[in-house]
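Presented below is the structure to which this report refers.
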Amino acid sequence: MKFIDLRLSEPILRAVADEGYHTATPIQAQVIPHALTGRDVLGCARTGTGKTAAFALPVLHGFNKRSASETRRRPRHLVLCPTRELAVQIGLSFETYGRYMSLRCAVVYGGVDQAKQVRALRNGVDVLVATPGRLLDLADQGHAALDGVQTLVLDEADRMLDMGFMPDIRRVLSQVPQRRQTMLFSATMPKEFRRLADRILHKPVSVQVADASNDVDQIDQSVHFVERRQKADLLAQVVRRHSITRALVFTRTKRGADRLVRHLQVRGLNAEAIHGNKSQSRRLKSLERFRSGRLSLLIATDVASRGIDVDGISHVFNYDLPHEPETYVHRIGRTGRAGRSGTAVSFCDGDERGHLDAIQRRLQTRIRIDCEPDGGHPSKITSAAPATDADRKDRQRRAPGRTGGARRGRSKKARRQVSAGTTSRNLNRHA
């Protein structure tokens, strides 16, 4: 569907065309017509599907110049999101699509001095994009009045619930009018999210784009079996071997991200990390360098990555495999966008095998095992497919140290020597 067929206002169509967009994505084509009529919306779509425009364009379409009698302080459209990076990204989208309108948009988030944000609110805003904690701080101080909100959007609602924002969301809901349009967007549909939707949405239209697991066909997925201490060296080898210039690397912890950056920089690779312990200015600077192509490797935790919406990412590396299969799908969806091919490479150590099995069950496919860059072979784990009961029983029958097989025919003394040697090695391993 073309944007012109959605009957959006002329200033919006001009701005959209300026960005080179003419055809709506599936989530946009399904959400925008209903949102324009004022319906509540429940949308399920991952990052990179165009869902920001799906709610931003209807909000802008309904925007009219504020009358002189209307107070200038109250925002009429409120967007809540979980992270600073995502808030900034959404704010930029409103400014981009509203460039031909007299729009006033403010973005508020924690981790920075609030003075500039307070000044923006005092000058009056039409659209307010906020993280829940900072918004409530400003509201408690009397700087943000929410009783004039006509449209409430909760973006990445599943992640906000994961991060423990539910009490803050309840407080925000108590301060906005009950009669309003509400749009709720999420990459996944956990039970708690559905309970929230049932509570705050009124006869919503439900929109769900094709399951993300069906949208990864254009992504070449592979896994390297590697010991944890060898992961950093392997990453450096793969990056150099394939001359990778723009890749997103996921780690499980902030400390692990910083440690990996140091390792890569020592080897002459252009890498920086973004996570919650970095200052906001440093995070935004790294993100801008990555977006502009001046930074080759961006190391990120899952929470910090929620604001990363960058085209042209050729590779996604799962340096640490995620515990949840949905997180894996969300991660690799950062590559292979807009019909382009992409590459997702995962590193799996012995402790992560269960996570890999869960991911493959979720995708209903086996991820290709890759050999190491130097032409070597995978580690002792030789199959990426989930083990069956028959596989386990067969391994038990053939395992040394059990009745029969290699043990059969040994003398009692020889068996004691083997057992003692095995015990010694096990103790040394845990020393």
Item to complete: Write out, first by first residue and then by second, each pair whose Cβ atoms fall under 8 Å of each other, whose residues are 6+ apart or on separate chains, and whose first residue, in segment 221-247, is closer than 19 Å to Leu297 by Cα while the second is at pLDDT below 95 and assigned to a helix (DSSP H, G or I).
Response: Gln221/Ile332; Arg246/Phe290
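Residue-wise test of (1) in a helix (DSSP H, G or I); (2) within 17 Å of the chain's Cα centre (by Cα).
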position: Gly256; (1), (2): yes, no
position: Arg259; (1), (2): yes, no
position: Gly268; (1), (2): no, no
position: Ala273; (1), (2): no, yes
position: Gly276; (1), (2): no, yes
position: Ser281; (1), (2): yes, no
position: Leu284; (1), (2): yes, yes
position: Phe290; (1), (2): yes, yes
position: Arg294; (1), (2): no, no
Worksheet item: Taking the stated definitions as given, is Asp217 assigned to a loop (DSSP other than H, G, I, E, B) and either without any contact (Cβ under 8 Å) to a residue 60 or more places away in the chain or over 25 Å from Asp309 (Cα atoms) (or both)?
Response: yes
Worksheet item: Counting only residues that are in contact with a strand residue (DSSP E or B) (Cβ under 6 Å, 6 or more places away or on another chain) and not hydrophobic (A, V, I, L, M, F, W, C), which one in segment 337-353 is modelled with the lowest pLDDT?
Response: Gly342
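Restricting to segment 116-136, what's the tally of residues that are more than 13 Å from Leu146 (Cα to Cα) and either out of contact with any helix residue (DSSP H, G or I) (no Cβ under 8 Å at 6 or more places or on another chain) or not charged (D, E, K, R) (or both)? Step through it out loud before you land on a result.
First, the residues of segment 116-136 that are more than 13 Å from Leu146 (Cα to Cα): 116-120, 122-123, 131, 133-134.
Checking the rest, the ones that are also either out of contact with any helix residue (DSSP H, G or I) (no Cβ under 8 Å at 6 or more places or on another chain) or not charged (D, E, K, R) (or both) come to 116-120, 122-123, 131, 133.
Number satisfying all stated conditions: 9.
Output the residues belonging to segment 326-366 that are within 25 Å of Leu260 (Cα to Cα), of a type outside the set (D, E, K, R), part of a helix (DSSP H, G or I) and over 15 Å from the mean Cα position of the chain (by Cα).
Filtering segment 326-366 for residues within 25 Å of Leu260 (Cα to Cα) gives 326-336, 342-356, 359.
Going one step further and asking which of them are of a type outside the set (D, E, K, R), we end up with 327-330, 332-333, 335-336, 342-348, 350, 354-356, 359.
With part of a helix (DSSP H, G or I) added as a condition, the list becomes 327-330, 332, 350, 354-356, 359.
Matches in segment 326-366: Gly350, Gly354, His355, Leu356, Ile359.
Would you tally the residues in segment 111-163 being among the β-branched types (Val, Ile, Thr), touching a residue at least 60 places away in the same chain (Cβ under 8 Å) and either part of a helix (DSSP H, G or I) or buried (at least 21 other Cβ atoms within 10 Å of the Cβ) (or both)?
Taking segment 111-163 as the starting set, the residues that turn out to be among the β-branched types (Val, Ile, Thr) are 112, 118, 125, 127, 129, 131, 149, 151, 153.
Imposing the further condition that a residue be touching a residue at least 60 places away in the same chain (Cβ under 8 Å) reduces the set to 112, 127, 149, 151, 153.
Then drop every residue that is not either part of a helix (DSSP H, G or I) or buried (at least 21 other Cβ atoms within 10 Å of the Cβ) (or both), which leaves 127, 151, 153.
Count: 3.
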Worksheet item: Could you list, in sequence order, the residues of segment 183-197 that are surrounded by fewer than 18 Cβ atoms within 10 Å (Cβ to Cβ) and more than 18 Å from Asp162 (Cα to Cα)?
Response: none
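Do the conditions hold for Gly312, that is, is it touching a helix residue (DSSP H, G or I) at 6+ places or on another chain (Cβ under 7 Å) and not assigned by TED's automatic domain parsing to the domain that holds Val112?
Values: touching a helix residue (DSSP H, G or I) at 6+ places or on another chain (Cβ under 7 Å): no; not assigned by TED's automatic domain parsing to the domain that holds Val112: yes.
Criteria not met by Gly312.
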Item to complete: Determine whether segment 188-203 contains at least one residue that is in a helix (DSSP H, G or I), among the β-branched types (Val, Ile, Thr) and more than 17 Å from Tyr319 (Cα to Cα).
Response: yes
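How many residues does segment 1-12 hold that are among the aliphatic types (A, V, I, L, M) and either under 11 Å from Leu60 (Cβ atoms) or in a loop (DSSP other than H, G, I, E, B) (or both)? Full working, then the answer.
Applying the first criterion (among the aliphatic types (A, V, I, L, M)) to segment 1-12 yields 1, 4, 6, 8, 12.
Those left that are additionally either under 11 Å from Leu60 (Cβ atoms) or in a loop (DSSP other than H, G, I, E, B) (or both): 1, 8, 12.
The number of residues fulfilling the criteria is 3.
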Worksheet item: When both residues are 6+ apart or on different chains and their Cβ atoms are under 7 Å apart, which pairs have a first residue that lies in segment 173-195 and is among the charged types (D, E, K, R), and a second that is part of a loop (DSSP other than H, G, I, E, B)?
Response: Arg180/Val149; Arg180/Gln150
Worksheet, complete the sentence: Residue count, segment 26-63, condition of a type outside the set (A, V, I, L, M) and either touching a strand residue (DSSP E or B) at 6+ places or on another chain (Cβ under 7 Å) or at pLDDT 90 or above (or both), comes to 16
Worksheet entry | Neighbours by Cβ (under 6 Å, 6+ apart or cross-chain): first from segment 1-21, more than 13 Å from Met101 (Cα to Cα); second among the hydroxyl-bearing types (Ser, Thr, Tyr) and loosely packed, with under 14 Cβ neighbours inside 10 Å | Lys2/Thr23
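The values are calculated or read from the model by the stated rules, or taken from the named source; none is laboratory data. In this text, all values refer to a predicted model and were calculated from it rather than measured experimentally. So basically every Cβ, Gly included, is an ideal-geometry build from the backbone, and we count neighbours across all protein chains shown.
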